[in-house]
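No value in this document is a laboratory result; all are computed from the given coordinates. All values reported here derive from a predicted model rather than from experimental measurement. Methodologically, a virtual Cβ is constructed for each residue, glycine included, from the backbone with ideal geometry; neighbour enumeration extends over all protein chains shown.
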Ligand SMILES: Cc1cc2nc3c(=O)[nH]c(=O)nc-3n(C[C@H](O)[C@H](O)[C@H](O)COP(=O)(O)OP(=O)(O)OC[C@H]3O[C@@H](n4cnc5c(N)ncnc54)[C@H](O)[C@@H]3O)c2cc1C
């Protein structure tokens, strides 16, 4: 095999798979996709595998954040997919584009070409939406998207309460308006996961101009005269070089993309100097601007028998569900992490929703540090603020590419983030204590009604909140001195090097990030194919 390619893509995740497909659609392009993890995991196609792979070393990097005072000195788990498909192969399968406002903010920050109108064609290009829809949705793309068909009277009760309180039911939150309660749109088709690998790589296995090499950790990009020439790879403890005739595109996700840049001598000179890394280009923004959705889980008891997965996942019921899955690709093993979502405003005067709710019809307990389905039937509601202000950082701790970087989220360091989440907890209480929902549900189990003042609620959030697994922003796009890539995703100051993944998001979008990352991959492919 030759070690020279036109394009080298580092990381086969949501963005990397989309990019590999589109670049190799042109026969003359000779493309290499390098992935640190395995090519697949036997459980990954089963949707419920999100619960099984959440801490599995065979498919997951299993990062942990640093203890920080703002989150009661806990080390927060940061799962990331380590296999083809990346995090889309282990994620909760919820499909959300985000609000128009999110992208209009990016454009307003100076990123030409990224307004909601300008990213829309790329969302449409990736989508194959399985239901009736308007012209805003895509029907011909590789990623099949379907609505949850699980029906539960608690959801209906919630929608009724919403209607009474002026919160609409929204049949398509990925169309004009995001606001309202909705059945979740999922990256699930015929009961199986539609990861970026399944959507973008599996159908093009016969292409001879795309080489995919797994179990290959890229340790750095070789930079000569401010231009990316090659990548250094560790495979089976041996170093190997692959040369890029045209470009190297880093798609390693929000944790690893800044790590690779720093290992390649691109970053804050003070950090690199301390670790003995030769500076190739100073960029103080590398690893900064880390944002993620954090939120607490509010848990209620379910009184009506048969409505929670806690019961469906036990004894004979479980055997029935497993049989259903294997013979019919049906049942609760084919559901996403949350069947119902809410995009709501904590204040009526807001122009668009500032929080997202996930409703999950089961209750999880912690046993010996591991999350398990509890015995008692319950429903869990998570809240997160759509566009958090708190920003953290990710930086390497050594020049060893196998050593994990230091992740500091700095969660809940801005008062708006704290205030919005406190209001969100109060709103959930209003919804769950409504007469409609209380026909089926009982008391609040977590945090419990004794947690009532704003101070107590905030303490509960600091003690218990978890991430929604959407780290982003660590190689942010822009023109200011803390930006890392320009609006064509080219690394400032270095030729033939781009970054395309969640790390380029200047601000976090209002929703789950898989769809937007595939859009970023699609967008990057177009820049390259159009010689931009
Ligand atoms: C547990 C979990 C649940 C989630 N739930 C949802 C959800 O329900 N809906 C949703 O929209 N989003 C969800 N997300 C988030 C979403 O999946 C991610 O934001 C998205 O997949 C990130 O895409 P990416 O291209 O930025 O990176 P990734 O998809 O993470 O891809 C990066 C790839 O690069 C590889 N890589 C990293 N370093 C190197 C290296 N040095 N050399 C070679 N390869 C490397 C990785 O192994 C990985 O395959 C979830 C994420 C997780 C982890």
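Assign one of three labels to the stretch 361-457, namely rounded, prolate or oblate, based on the Cα gyration tensor with a ≥ b ≥ c the square roots of its eigenvalues; rounded applies when a/c is under 1.5, prolate when it is not and a/b is larger than b/c, and oblate otherwise. Because a/c hits 1.5 or more and a/b fails to exceed b/c, the stretch 361-457 counts as oblate.
Within the stretch 440-456, find all residues whose amide N lies under 18 Å from a label point positioned 7 Å from the Cα of residue 415 along Cα-to-beta-carbon. Correct set: 454-456.
Cα centroid separation, the stretch 155-170 to the stretch 339-359: 12 Å.
Calculated FRET efficiency, residue 28 to residue 530, Cβ-Cβ distance, R0 = 22 Å: about 0.90 to the nearest 0.05.
Using every pair of separate Cα atoms, the Kirkwood estimate puts the hydrodynamic radius of the stretch 188-230 at 13.7 angstrom.
Residue exposure proxy: 343, 189, ordered by other Cβ atoms within 10 angstrom of their Cβ from fewest to most, comes out as 189, 343. Note: the chain, Cα convex hull, 145 Å³ per residue.
The P(r) of the stretch 180-275 has a tail past 15 Å containing 73 percent of all C-alpha pairs. Could you give the distance between the Cα centres of the stretch 463-508 and the stretch 384-403, to the whole Å? When both Cα centres are located, 11 Å separates them.
Each 5 Å bin, from zero up to the one with the longest distance, holds this percent of the alpha carbon pairs of the stretch 359-409: 5, 14, 12, 11, 11, 18, 15, 9, 4, 1.
On alpha carbon coordinates alone, what is the Rg over Rh value for the stretch 250-377, Rh being the Kirkwood radius?
On the Cα set of the stretch 250-377, Rg over Rh gives 1.18.
In plain terms, the residue of 17, 381 with the fewest other Cβ atoms within 10 Å comes first and the most crowded comes last, giving 381, 17. If you take the Cα centroid of the stretch 175-233 and the Cα centroid of the stretch 38-53, the two points sit 16 Å apart.
Extension gain, residue 239 to residue 117, is 39.5 nm, computed as 0.36 nm per intervening residue step minus the present C-alpha separation. Based on DSSP H runs of at least 4 residues, each adding -39500 (n - 2.57), what is the mean residue ellipticity at 222 nm of the chain after dividing by all its residues, to the nearest 500 deg cm²/dmol? Calculated from helices alone, the mean residue ellipticity at 222 nm is -7000 deg cm²/dmol. As a calculated quantity, the FRET efficiency between residue 324 and residue 275 at R0 = 41 Å, using C-beta atoms, amounts to about 0.20.
From largest to smallest, the equivalent ellipsoid semi-axes obtained for the stretch 444-532 from the alpha-carbon gyration tensor read 39, 15, 8 Å. Note on residue 190 and residue 406: their simple-model spin labels are 5.0 nm apart, each label 7 Å out from Cα toward Cβ.
What fraction of the DSSP beta bridges in the chain is antiparallel, stated in percent and rounded to the nearest 5?
70 percent
Neighbour counts of other Cβ atoms within 10 Å put 186, 513 in the fewest-to-most order 186, 513. If R0 is 35 Å, the Cβ-Cβ spacing of residue 62 and residue 136 corresponds to a FRET efficiency of close to 0.40. Taking max minus min of the alpha-carbon positions on each principal axis, the stretch 287-439 gives extents of 51, 48, 30 Å, largest first.
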